[in-house]
1. Regarding B:Ala52, is this residue small (Gly, Ala, Ser), out of contact with any strand residue (DSSP E or B) (no Cβ under 8 Å at 6 or more places or on another chain) and surrounded by 15 or more Cβ atoms within 10 Å (Cβ to Cβ)?
2. What residue, of B:Gln17, B:Gln22, B:Gln6, is in contact with a Phe, Trp or Tyr (Cβ under 8 Å, 6 or more places away or on another chain) and modelled with pLDDT of 95 or more?
3. Name the residue that is farthest from A:Gly107 (Cα to Cα), counting only residues in segment A:19-41 that are in a loop (DSSP other than H, G, I, E, B) and open to solvent by 70 Å² or more (accessible area, probe 1.4 Å).
4. Quickly run through segment B:33-46 and pick out the residues that are more than 10 Å from chain A (Cβ to nearest Cβ) and either open to solvent by less than 20 Å² (accessible area, probe 1.4 Å) or in contact (Cβ under 8 Å) with a residue 60 or more places away in the chain (or both).
5. Consider segment A:47-91. How many of its residues are exposed (fewer than 12 other Cβ atoms within 10 Å of the Cβ) and either in a strand (DSSP E or B) or not aliphatic (A, V, I, L, M) (or both)?
6. From (1) in contact with a strand residue (DSSP E or B) (Cβ under 7 Å, 6 or more places away or on another chain); (2) at pLDDT 95 or above, pick out the condition that doesn't hold for A:Ala59.
7. Regarding segment A:10-24, can at least one residue be identified that is of a type in the set (Ser, Thr, Tyr) and in contact with a Cys (Cβ under 9 Å, 6 or more places away or on another chain)?
8. Can you find a residue that is charged (D, E, K, R) and more than 30 Å from B:Leu111 (Cβ to Cβ) anywhere in segment A:29-49?
Amino acid sequence: AQKITQTQPGMFVQEKEAVTLDCTYDTSDQSYGLFWYKQPSSGEMIFLIYQGSYDEQNATEGRYSLNFQKARKSANLVISASQLGDSAMYFCAMRGSYGQNFVFGPGTRLSVLP
Amino acid sequence: NAGVTQTPKFRILKIGQSMTLQCTQDMNHNYMYWYRQDPGMGLKLIYYSVGAGITDKGEVPNGYNVSRSTTEDFPLRLELAAPSQTSVYFCASKTEGFSGNTIYFGEGSWLTVV
């Protein structure tokens, strides 16, 4: 079974600073995918970034980067130059080898301070 | 570009009533999911389907039923609604197989059982 752990229920960051949101995972699959989603107060789920378990490079998408440490089973999200609009819930998620199972962590609420 | 469409967006049910949350996707995705999200919490998988005629239980299936008669539609049935089923329900879909393809979400259905 797969499990995602996000140990930070809430985080604060000053505008324009960088912030790291933690995610650790547990799986026995050799091949898997890791995802981060943003959920603003309006409720929709927004895909941010993806990392495959065999990808050698850390994924980057604009101001988002994923710090993937396979041996430690961690997939932390780094947001650079935080903006007020980054205030939201952030979810780490995992997809297993066969692609059909998609598991989410409990989320981290990020608040960006002006 | 419709993507994943859920109806209704809001609904209030009385205890013991039944209802169906509709979900349809126009991306020809084989995999479809139903999640629930309780206030301030992450997403929990209720049921999923890997193709027409195939469904399987997720983490929290009790009190729900699903069917998948077509690739496009994946309705979620609540029988004998209980206050514990007050939640936001998300339908989602993705292509099959192991790839970087993310999961696409509907906008959510807010359900209150009173």
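1. Working: small (Gly, Ala, Ser): yes; out of contact with any strand residue (DSSP E or B) (no Cβ under 8 Å at 6 or more places or on another chain): yes; surrounded by 15 or more Cβ atoms within 10 Å (Cβ to Cβ): yes.
Criteria met by B:Ala52.
2. On the way: B:Gln17 fails: in contact with a Phe, Trp or Tyr (Cβ under 8 Å, 6 or more places away or on another chain); B:Gln22 fails: in contact with a Phe, Trp or Tyr (Cβ under 8 Å, 6 or more places away or on another chain).
Every option except B:Gln6 fails the conditions.
3. The residue in question is A:Gln30.
4. B:Trp34, B:Ile46
5. 8
6. (2)
7. Taking every residue of segment A:10-24 in turn, at least one turns out to be of a type in the set (Ser, Thr, Tyr) and in contact with a Cys (Cβ under 9 Å, 6 or more places away or on another chain).
8. Taking every residue of segment A:29-49 in turn, at least one turns out to be charged (D, E, K, R) and more than 30 Å from B:Leu111 (Cβ to Cβ).
The values are calculated or read from the model by the stated rules, or taken from the named source; none is laboratory data. Since this is a predicted model, take the numbers as computed values, not measurements. Cβ sites come from the backbone with ideal geometry, for glycine too, and all protein chains shown count toward neighbours. Accessible surface is based on the protein model in full, side chains and every heavy atom, while ligands, DNA and RNA are left aside. Shrake-Rupley method; radii C 1.70, N 1.55, O 1.52, S 1.80 Å.
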